[in-house]
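Every read-out reported here was derived from the displayed coordinates using simple, explicitly stated rules and does not represent laboratory data. Owing to the predicted nature of the structure, the values given are computational and were not obtained by experimental measurement. A quick note on method: Cβ atoms are made from the backbone with ideal geometry, for glycine too, and the neighbour counts reach across all protein chains shown.
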């Protein structure tokens, strides 16, 4: 993921280090066996979380290797802004293994803005347990379009205004169908839309490059029922120059994928990795089925 700001990450890491000491005696959900010291690292795979029930994607790593064999992950939230941090919401994360790097998603109840510690109780393939944790920050209002909002009616470049597909996408195998409509045209079409901001060739993480592949895969199945738009993060590749729409949508990182209903209202927003199964689950309620 490409981050345009690092301050939030730095503050989060400081808070996390403090929590490691202050919350050392806090346990995640009870396990059949006593969890031991964790060799598993948890990496949060997005940013800009709204207070409420934000989508929080994360990846498990065993050293530098993504861990794909965990049986389950229970997550417990701790409010770090409280004078006496105690475990609050707890729930099981959903696993999406139909992505190039398997990831997990949880929608914790985080009712107010601030810093939160998310403790994970991981059940490994052999049935043993290990614990790990990470911290996120929630905000009252996201800078980029939130659920229930109408996003900017962007007049992004399309093949009508820029016939050279190589200038519209860094994808090595681009689907021309993703570069036919502006966001403004999609909103006026009366159909649901998927708008993704990503840079396949210049992504600095293995987590984000395959998002465009996900959109292409779902679009190949549902392109008659919905609009699918890829907006390349860069409008120029030499030197790298951010697309105007990144600022227009107030995006501070990539990739981001937004699902809009037939009125153009955001009904789902996905930062970071996004599998075909997860995108299809979000889109299906909006599609007209015979």
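Would you please report the Å³ per residue occupied by the convex hull of the alpha carbon atoms in the range 118-231?
Roughly 177 Å³ of hull volume per residue.
Given (1) 6, 24, 31, 24, 12, 3, 0, 0; (2) 6, 28, 33, 21, 10, 2, 0; (3) 6, 29, 38, 22, 4, 0, which label gives P(r) over Cα pairs in 10 Å bins from 0, in percent as computed from the coordinates?
Calculated P(r) over Cα pairs in 10 Å bins from 0, in percent: the matching label is (2).
Largest first, please: the extent of the C-alpha atoms of the range 165-286 along each principal axis, to the nearest Å.
Result for the range 165-286: principal-axis Cα extents of 40, 27, 26 Å.
Need one number: % antiparallel among DSSP beta bridges in the range 165-286, to the nearest 5.
70
By per-residue mean of other Cβ atoms within 10 Å, what is the highest-first order of 191-199, 134-142, 234-242, 273-281?
191-199, 273-281, 134-142, 234-242
When the Cα atoms of the range 228-290 are enclosed in a convex hull and the volume is divided per residue, what value in Å³ results?
108
If you bin every alpha carbon distance in the range 89-184 into 5 Å steps from zero, what whole percent lands in each bin?
The calculated distribution, bin by bin, is 2, 9, 12, 13, 13, 12, 12, 12, 9, 5, 1, 0.
Please report the antiparallel percentage of the DSSP beta bridges confined to the chain, to the nearest 5.
85
Could you give the distance between the Cα centres of the range 138-202 and the range 85-103, to the whole Å?
Going from one Cα centre to the other spans 28 Å.
Taking only Cα atoms, what is the 0 to 90° angle, nearest 10, from helix 7-22's long axis to the longest principal axis of the chain?
Roughly 20 degrees between the two axes.
Efficiency by 1/(1 + (r/R0)^6): what FRET value for residue 68 and residue 109, r their Cβ-Cβ distance, R0 = 35 Å, to the nearest 0.05?
0.80
What does the extension gain come out to for residue 237 and residue 281, with contour length at 0.36 nm per residue minus their alpha carbon separation?
Length gained between residue 237 and residue 281: 12.5 nm.
Specify the angular offset, from 0 to 90 degrees and rounded to the nearest 10, of the alpha carbon long axis of helix 211-222 from the longest principal axis of the alpha carbons in the chain.
For 211-222 against the chain, the angle is about 60 degrees.
As a check on your grasp of the helix formula, calculate [θ] at 222 nm for the chain: sum -39500 (n - 2.57) over DSSP H runs of n ≥ 4, divide by the residue count, round to the nearest 500.
-4500 deg cm²/dmol, from helical runs alone.
Which log10 I(q)/I(0) values, to two decimals, does the range 153-192 give at q = 0.31 Å⁻¹ under the Debye formula with one point per Cα?
Results for the range 153-192 at q = 0.31 Å⁻¹ read -1.05.
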